[in-house]
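S.K.: Got a structure here, written out as structure tokens. Questions coming.
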Amino acid sequence: MSGQLGDDDGRRSPDPDGLPGLPPEWGRIVIPDDAAELDHEAAKVRRELRREALLHRHGLRPGRRMHHLMLPLVLLTMAVLVATTSLFAALFPQGRRGGGTPSSKATAVQTGAPLPDLTLATAAGQSVALRGVHPAVVLVLRHCACRSLIDGTAKAAGSQVRVLVVGATTPPTLPALPAGSRVTAVRDHDGELTEAVAAGQHRTKLTDKTATALLVDQHGAVIATVATTVDPTDFAERVPALAG
């Protein structure tokens, strides 16, 4: 459009570029030839209309003060959401046991590393910190009675090296042991130690009818692992040296 409009009698407006007959406080209004030039103004109008509708919906009156408060309110809301999310993440961690996945405590048993940080229990309910047992031979029996293995290990260990016999679900029944033996029977809480042993033996199939022997030196490090055994002669000659 040229911006020039005819009046009722067909004469052109005295204002060649503006619109006549509008309140003077509106200022000079010009209609461009290309309507696309009004896209920017239309977008501003739509934003203002949406803002006023939102304020009206919540019983608020639009004004300059409310306009300046919008950004701080948005930032405050986001901060509350972030803090709430962090709180729920701390209270409900997702790294729980399930689906056959080892627990966070059941790190793989590795030669040269300490034993997993686990607490086992005796038949009387006494707690035994696994890392506090050293020098020691830890026999993880799974579902093996292994009486001759326990007896032979106790004889090789004497009074200088502790023997920790770990049952799968309950503390195993110990055979008659030599005098002075330091043998303690405990149960594997939730199978965590069994999982840790299996995690460190990727290429060895562990069976229920055998045991795993962990040789732990005086500093608490695992110096050797016998993955499957029922015979104490597999490692007995190395037991005295654990005491240093």
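The values are calculated or read from the model by the stated rules, or taken from the named source; none is laboratory data. Keep in mind it's a predicted model, so treat the numbers as computed, not measured. Every residue, glycine as well, gets a Cβ built from its backbone with ideal geometry; the counts of neighbours run over all protein chains shown. Side chains are part of the model used for accessible areas, which takes the heavy atoms of the whole protein and leaves out ligands, DNA and RNA. Shrake-Rupley method; radii C 1.70, N 1.55, O 1.52, S 1.80 Å.
S.K.: Given the criteria modelled with pLDDT under 70 and either charged (D, E, K, R) or not in a loop (DSSP other than H, G, I, E, B) (or both), does LEU141 qualify?
M.R.: Working: modelled with pLDDT under 70: no; either charged (D, E, K, R) or not in a loop (DSSP other than H, G, I, E, B) (or both): yes.
For LEU141, the condition - modelled with pLDDT under 70 and either charged (D, E, K, R) or not in a loop (DSSP other than H, G, I, E, B) (or both) - is not met.
S.K.: Could you say which residue among LEU164, LEU193 is at pLDDT 95 or above and outside any loop (DSSP other than H, G, I, E, B)? Reasoning before the result, please.
M.R.: Values: LEU193 fails: at pLDDT 95 or above.
After applying the criteria, what remains is LEU164.
Quick grid of which residues meet (1) closer than 19 Å to ASP151 by Cα; (2) polar (S, T, N, Q); (3) open to solvent by 40 Å² or more (accessible area, probe 1.4 Å):
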site: LEU193; (1), (2), (3): no, no, no
site: ALA199; (1), (2), (3): no, no, no
site: LYS209; (1), (2), (3): yes, no, yes
site: ALA213; (1), (2), (3): yes, no, no
site: ALA221; (1), (2), (3): no, no, no
site: PRO232; (1), (2), (3): yes, no, no
site: PHE235; (1), (2), (3): yes, no, no
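S.K.: Looking at the stretch 148-157, can you tell me whether even one residue there is closer than 24 Å to PRO232 by Cβ and part of a loop (DSSP other than H, G, I, E, B)?
M.R.: Of the residues in the stretch 148-157, the ones closer than 24 Å to PRO232 by Cβ are 148-157.
Cutting the leftovers down to part of a loop (DSSP other than H, G, I, E, B) gives us none.
Within the stretch 148-157 (the criterion being closer than 24 Å to PRO232 by Cβ and part of a loop (DSSP other than H, G, I, E, B)), the answer is no, since none of the residues qualifies.
S.K.: Let me ask something else about it. Please find, among GLY180, GLY167, the residue that is surrounded by fewer than 20 Cβ atoms within 10 Å (Cβ to Cβ), among the small types (Gly, Ala, Ser) and without any contact (Cβ under 8 Å) to a residue 60 or more places away in the chain. Working first, answer last.
M.R.: Numbers: GLY167 fails: surrounded by fewer than 20 Cβ atoms within 10 Å (Cβ to Cβ).
Only one candidate passes the filter, namely GLY180.
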